[in-house]
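Take a look at the structure below.
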Ligand SMILES: [Zn+2]
């Protein structure tokens, strides 16, 4: 599997006719910023938007729940704690203290995961 999570990489459903929907307002304090960062608004069609609202939302929610799981175990601190979030086969540098999300990479390549880890450590310095 390619590490790029893009529900529209194979766009079915005909020509693009609409803008995709952003994350809903009620997700603003949770997975919404992740969704909007990974899936910026784009010109698409109803199928592309449907894929974003299903596969895309699931991906952002999974990432956020992994972040929340790590936050429960991490010690409190007053600086931005960088981590690497891994959801099936995709690794993201992220932060336990804000909604920052770095560039995704393959979680199956240890060198790329180490690079994501260095990027996470640089965050907030
Ligand atoms: Zn941060």
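Consider residue 99 carefully, then state whether it is assigned to a strand (DSSP E or B), closer than 27 Å to residue 125 by Cα, in contact with a helix residue (DSSP H, G or I) (Cβ under 9 Å, 6 or more places away or on another chain) and touching a residue at least 12 places away in the same chain (Cβ under 8 Å).
Taking the combined requirement at face value, the residue does not satisfy it.
This table checks each residue for (1) in contact with a helix residue (DSSP H, G or I) (Cβ under 7 Å, 6 or more places away or on another chain); (2) modelled with pLDDT of 95 or more; (3) exposed (fewer than 15 other Cβ atoms within 10 Å of the Cβ); (4) closer than 19 Å to residue 63 by Cα.
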| residue | (1), (2), (3), (4) |
| --- | --- |
| 1 | no, no, yes, yes |
| 11 | yes, no, no, no |
| 15 | no, no, yes, no |
| 19 | no, yes, yes, no |
| 25 | no, yes, yes, yes |
| 30 | yes, yes, no, yes |
| 33 | no, yes, no, yes |
| 38 | yes, yes, no, yes |
| 46 | no, no, yes, no |
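Taking into account only those residues within the range 97-118 that are surrounded by fewer than 20 Cβ atoms within 10 Å (Cβ to Cβ) and within 12 Å of the ligand (Cβ to nearest atom), which is farthest from the chain's Cα centre (by Cα)?
Here the residue is 97.
Among the numbered criteria (1) within 16 Å of residue 31 (Cβ to Cβ); (2) modelled with pLDDT of 95 or more; (3) surrounded by 14 or more Cβ atoms within 10 Å (Cβ to Cβ); (4) away from the ligand (no atom under 15 Å from the Cβ), which single criterion is violated by residue 91?
Condition not satisfied by residue 91: (1).
Go through the range 65-88 and count every residue that is more than 16 Å from the ligand (Cβ to nearest atom) and in a strand (DSSP E or B).
The total comes to 2.
Please tell me if residue 62 is within 15 Å of the chain's Cα centre (by Cα) and more than 16 Å from the ligand (Cβ to nearest atom).
yes
The values are calculated or read from the model by the stated rules, or taken from the named source; none is laboratory data. Computed from a prediction, not measured in an experiment: that's the story for all the values here. Neighbour counts are summed over all protein chains in view; Cβ atoms, including those assigned to glycine, are modelled from backbone coordinates with ideal geometry.
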